[in-house]
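Report on the structure given below.
The values are calculated or read from the model by the stated rules, or taken from the named source; none is laboratory data. Given the structure is predicted, the values throughout are model-derived calculations rather than measurements. We place every Cβ from the backbone using ideal geometry, glycine too, and count neighbours over all the protein chains shown. With ligands, DNA and RNA removed, areas are computed over all heavy atoms of the protein, side chains included. Shrake-Rupley method; radii C 1.70, N 1.55, O 1.52, S 1.80 Å.
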Amino acid sequence: MVDSQYFLPNDVGISPLDCREAFQLLSPSEQLYAHYISRASWYGGLAVLLQTSPESPAVYVLLQRLFRAQPPSELQSLTMSLTDEEYQALLVYAAGVYANMGNYKSFGDTKFIPNLPKEKLKALVWQSQAFQDNPSEMEALWSSCGDRMYSLEERQKQLGLGDKGITTYFSGNCGLEDAELAQKFLDSKNLSAYNTRLFKTVEADGKRCYEVRLASAVKEAAAVDGEADNKCGSFEFEGASFRVLRGDYAPLMKKVAENLRKATAYAANENEKRMLEEYSRSFTLGSIDAHKEGSRYWIKDKGPIVESYIGFIESYRDPFGSRGEFEGFVAMVNKAMSARFAQLVSSAEVLLPELPWPADFEKDLFLKPDFTSLDVLTFAGSGIPAGINIPNYDDIRQTDGFKNVSLGNVLAVAYATKKEQITFLQEEDKDLYVAWKGPSFEVQVGLHELLGHGSGKLFVQDEKGNFNFDQKTVRNPETGELISSWYKGSETWDSKFSTIASSYEECRAECVGLYLCLNSHVLSIFGHEGTDADDLVYVNWLAMVRAGLLGLEFYTPESQSWRQAHMQARFVILRVLLEAGEGLVTLRHTTGADGRPDAIISLDRSKIRSVGQPAIARFLCRLQVHKSTADVEGGRALYERYSAVTASEPENFLKLRDTVLLRKETRKMFVQANTRVKGDAVELLEYEGSAAGLIRSFTERFHEDGEELEKELLELSRADSPCWC
C-alpha cells in the first residue's frame, strides 16, 4: 500500500481564475502589453521543470504529447482496461504536474505519483495516437521517466539537499557543506545566487571543482553588448576551483527576453519601458544587477493598470534558501479593494511605531509602496500565492522600497470554505469560521505583506566601512547591551540565515499580522467595527492556531525537516501561543464520529488581548532583534526550538501528525486563461474548472512552438542528467 499523501485525490478542487471582466476593461494597447509579458512568463515558467526534479521535464513532455494528439475525452475511448476512477486519476495527475510545474507539490515539496497501476498507464501510452504517430520517440520518453515517475525511494519522496531529498538546484553529489562553501564564494565575488545552480565534480586528487551556472540566453563567457561587469570566469577559493558560466535554460531565457522586448512597444510610460529593457538584459546576460535595476523602475511605476513582475524570485524550494525559482505574473487592478489597501499604506507610519521593538530597529524612512488588489491573468511558476511583497533584494527594500499585491481572484477561490470541510475545530466555532475566514484572511494578508515583510531594519556595514546605524547608541532590548553583530559587505538576509531564512521571515510577517489585527484603526479600514470586528479578530487568531496544527502535514520525521516555509512558521506560532499558557489555546486528542483518531483545537477569545498579544509581542521582538543584528546563531537556536516536533506530552505532536495526515486537505488547483493575438486585438481563451480544462489550457498554451520547446526542454534535461547520479 502506498501512503495516500503521495497521490492527488480524484475529487481535488480545480477552479478557473476568472479575470474576463478586468481584462475586457483594458485598452487594446494594455491588452497587448499584458499578452506579451504573459508569454514571457509562461516561457520562463518552463524552467521550473528543470528546477524541480530530474524527471519533471520528460513527464511534462510525455503528457503534452499524449493530450495534444488526443484531448482527454478522445483519449478515454482507448482505455478499455482502465476504470473510470483510474482514468480520472490520470487526468488529475496530469493537472497536478501542470499546476505544480513538476511532480512535486509546490506547497509541501512532497512527490506525487499517478494513482493507477504503472502497467496500465504504459499500455495507454502505447495505444495512444501520439505513440502511433511517433513510436520510437514516445517509447524513449517513457523509458526516461516511467520508472522515476512512480518511484518512492526514500530520498525521492521529497525535495531536499544531499541524502534528505531531491533537488536540481545542486548536482546529486552536493551536500550542505558544498552549499555553504559556494555561498561564501558567491559573497566574495558579490554575485547573487538567485539565478544560479551549482554542480560539483571531484578530480582524481580529491580536489573539488564547482560550476556555477547563471540563467541566461547568452552562452558566451566574454563580456557582450558593452557589459560593464562580467562575472564569468575561473577562480580558486579555499582550496576549491569555481567556474562561473552563462547559458542555463538558454532557449527559455531567449524566449523570455524576446517577449519582454515586444511588450516594450506597448509600455504606458518611461518607467515601464526602462523596467522591461532591464529585465530583458537580465535574462539575456544572466545579470541580477540588471534585474535589480529593472526592479527599481518597477517600484517607481506607481498605480499601473496592468501590474506584473518576473524573474527568479522566491527561494522557498532551494534547500539552502538562496536560489530563486522562476515566476512571472500579469494582473489587472481591482480598484475597489485597492482603495482599502491604499488607506492601510497611508496609515503605515502611524502603525509601524506600534510594533514591539525599539525605534532604532525600524527603517529610518518608510517608503510608501503601492499596495493593490489584482485579478490574475497569468501566474507562471510552481504555484499561486495569495499575496506578495517584492522585490526580495534587501538593499533595494531598505533604500528604494517595495510593492505589495493581494491577488483578489485567487483569494476568492482558494479560501472559500464549506462547514463540512473544516477539521479540528469545535462545532460551535465552525459557522463563525465559515463566515469570517475570507474577510479575516484579507486583513491578515494586508498586514502580513505591508507591515510584516515591509517592516524592520537590517544593520549594515558596507564595503567602504560605513554603518547605517550608530554603533555607540543602538542597544539590544533583550540584554540592554550595545549590539555586537551586523551584516557586512555583500552579506544579505538570505545568505546569512540560509536554510531558515524563508520560514523565519514568514513567521515574523504572520506575527505582525496577528499583533496588528487587534488595532481598531486597521479593522475600520477594512470596514469592520463592533461585534463584527471582534469576530474577525477571533477567527483570524483561530485560523492561525488551526493552521499551525495543519502544518504538521509538512514535517518529515525521518529527516526531522520541514518542507514548507509558511506552515513551519504557523506551527512555530502555535507553539508560542501554547507556551503562553493560562488556557489561551487548548489542544486535545479525541476520536471522531467515524471512529478514527481526531483532534480539537480551541482558543479562549477572552484571552487574546491579555495573554495572546503580549506573547506574540515578546516573540516578535526577539525575531526582529536576531534578524536586524545578523545574529544567525541566536536566531537559529530560537527558531529551531519552536520548530521541534516531538512526542512529548501533553501535545505529542508526532502522534498529532498522524492524525493530521489521516484527515489532510488537498490544496486547490487553478485553471488559467490563455491570450492570443488576432489581427490588432487580443483574444482571451478560457477553460472549464476541471482536470480536463487545466490540461487543455496547457496543450493550447504553446500552440505555435510547443514541439520545438519540448525538444529543447528534453535536450536541457539530458545535458544535466549525469549530474543527478
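Describe numerically, in nm with one decimal, the distance between label points set 7 Å from Cα along Cα→Cβ at T531 and at E420.
In this crude label model, T531 to E420 measures out at 2.9 nm.
Between D3 and V677, what FRET efficiency comes out of the Förster formula 1/(1 + (r/R0)^6) with R0 = 30 Å and r the beta carbon distance, rounded to 0.05?
0.05
Quick one: with all protein chains in place, what share of the accessible area of segment 159-204 is carbon or sulfur, to the nearest percent (1.4 Å probe)?
48
What length, rounded to one decimal in nm, is gained on full extension from Q471 through to A336, with 0.36 nm per residue of separation minus their alpha-carbon distance?
So the extension gain works out to 44.0 nm.
Could you grab the relative contact order for segment 86-130? Cα pairs under 8 Å, six or more apart, rounded to a whole percent.
36
DSSP beta bridges in the chain, what fraction antiparallel, as a percent rounded to 5?
Rounded to the nearest five, the antiparallel share is 75 percent.
Along segment 330-335, what does the Karplus equation 6.51 cos²θ - 1.76 cosθ + 1.60 (θ = phi - 60°) give for ³J(HN,Hα), rounded to whole Hz, x for Gly and Pro?
Here the 3J(HN,Hα) series is 9, 8, 10, 6, 8, 5 Hz.
How charged is the neighbourhood of Q88? Take every other residue with its Cβ under 14 Å from the Cβ of Q88, and add Lys/Arg as +1 and Asp/Glu as -1.
Neighbour charge sum, excluding Q88 itself: -3.
So which chymotrypsin sites (Phe, Trp or Tyr not before Pro) in segment 236-275 pass both tests, a DSSP loop state and at most 15 other Cβ atoms within 10 Å of the Cβ?
Nothing satisfies the criteria.
Measure off 7 Å from each Cα along the Cα-to-Cβ vector at K184 and L365, then give the distance between these two points in nanometres to one decimal.
Between K184 and L365, the label points sit 3.8 nm apart.
Efficiency by 1/(1 + (r/R0)^6): what FRET value for E579 and K664, r their Cβ-Cβ distance, R0 = 35 Å, to the nearest 0.05?
Working from the Cβ atoms, E equals 0.85.
Kindly provide the helix-only [θ] at 222 nm of the chain, computed as the sum of -39,500 (n - 2.57) over DSSP H runs of four or more divided by all residues, to the nearest 500 deg cm²/dmol?
Rounded to the nearest 500, it is -14500 deg cm²/dmol.
Using θ = phi - 60° and the Karplus curve 6.51 cos²θ - 1.76 cosθ + 1.60, what whole-Hz ³J(HN,Hα) does each residue of segment 622-635 get, with Gly and Pro shown as x?
5, 4, 5, 5, 4, 5, 4, 9, 6, 7, 4, 4, x, x
May I ask you to order 688-701, 464-477 by the average number of other C-beta atoms within 10 Å around their residues, highest value first?
By packing density, highest mean first, the sequence is 688-701, 464-477.
Once amide H atoms are built 1.01 Å from N in the peptide plane, which residues 5 or more positions from N334, or in another chain, come under 5 Å H to H?
Excluding prolines and chain starts, which carry no amide H, the hits are S373, L374, D375.
Quick one: which of 166-172, 456-462 comes out on top by average Cβ neighbours within 10 Å, and what's the full order, highest first?
Packing order, densest peptide first, comes out as 166-172, 456-462.
I'd like to check one number: the per residue accessible area of the chain, probe 1.4 Å, reported in Å² as a whole number.
38
What are the ³J(HN,Hα) couplings of segment 91-104, residue after residue, when phi is run through the Karplus curve with 6.51, -1.76, 1.60 and θ = phi - 60°? Round to Hz, x for glycine and proline.
4, 5, 4, 4, 4, x, 4, 5, 5, 9, 6, x, 9, 10
Between rounded, prolate and oblate, where does segment 167-322 land on the alpha carbon gyration tensor, with a ≥ b ≥ c its root eigenvalues, rounded for a/c under 1.5, else prolate if a/b exceeds b/c?
Prolate shape, in that a/c is at least 1.5 and a/b is the bigger ratio.
Over segment 408-522, with every protein chain in place, what whole percent of the accessible area is carbon and sulfur at 1.4 Å, could you tell me?
47
Classify segment 543-702 as rounded, prolate or oblate, taking a ≥ b ≥ c as the square roots of the eigenvalues of its Cα gyration tensor: rounded when a/c is under 1.5, otherwise prolate if a/b is larger than b/c and oblate if not.
prolate
Taking 30 Å as the cut-off for C-alpha to C-alpha distance, list the pairs among K273/K627; K122/K668; K273/K437; K368/K496; K105/K678; K255/K437 that go past it.
K273/K627; K273/K437; K105/K678; K255/K437, as the Cα separations exceed 30 Å there.
Quick one: pull the percent of accessible area on segment 261-306 belonging to carbon and sulfur, 1.4 Å probe, ligands and nucleic acids left out.
Here carbon and sulfur together make up 45 percent of the probe-accessible area.
To check you understand DSSP bridge types, tell me what percent of the beta bridges within segment 205-323 (both residues inside) are antiparallel, rounded to 5.
40
Sum up the charges of everything whose Cβ sits under 11 Å from the Cβ of H589, counting Lys and Arg as +1 and Asp and Glu as -1, but leave H589 out.
-2
In terms of the Cα gyration tensor, with a ≥ b ≥ c the square roots of its eigenvalues, is segment 109-191 rounded because a/c is under 1.5, prolate because a/b exceeds b/c, or oblate?
prolate
In nanometres, what is the gap between the two model label sites at S234 and Q127, each 7 Å from Cα along Cα-to-Cβ?
Taking the two extended label points, one gets 5.6 nm.
Could you tell me the calculated FRET efficiency between L685 and E715, based on Cβ-Cβ distance and R0 = 25 angstrom, to the nearest 0.05?
Efficiency, rounded to the nearest 0.05: 0.30.
Would you mind checking which residues have amide H under 5 Å from V671's amide H? H placed 1.01 Å from N; only 5 or more apart, or other chain.
S15, L17
Please state the relative contact order of the chain as a whole percent: Cα pairs under 8 Å, 6+ residues apart?
It rounds to 16 percent for the chain.
Give me, ordered by chain and number, the residues 5 or more places off I166 or on other chains with an amide H under 5 Å from its own placed amide H.
Correct list: Q158, L159, G160.
Which entry in (1) 31.6; (2) 39.1; (3) 59.3 matches mean projected area of the Cα convex hull in nm² derived from the coordinates of this structure?
Step by step, mean projected area of the Cα convex hull in nm² for this structure corresponds to label (1).
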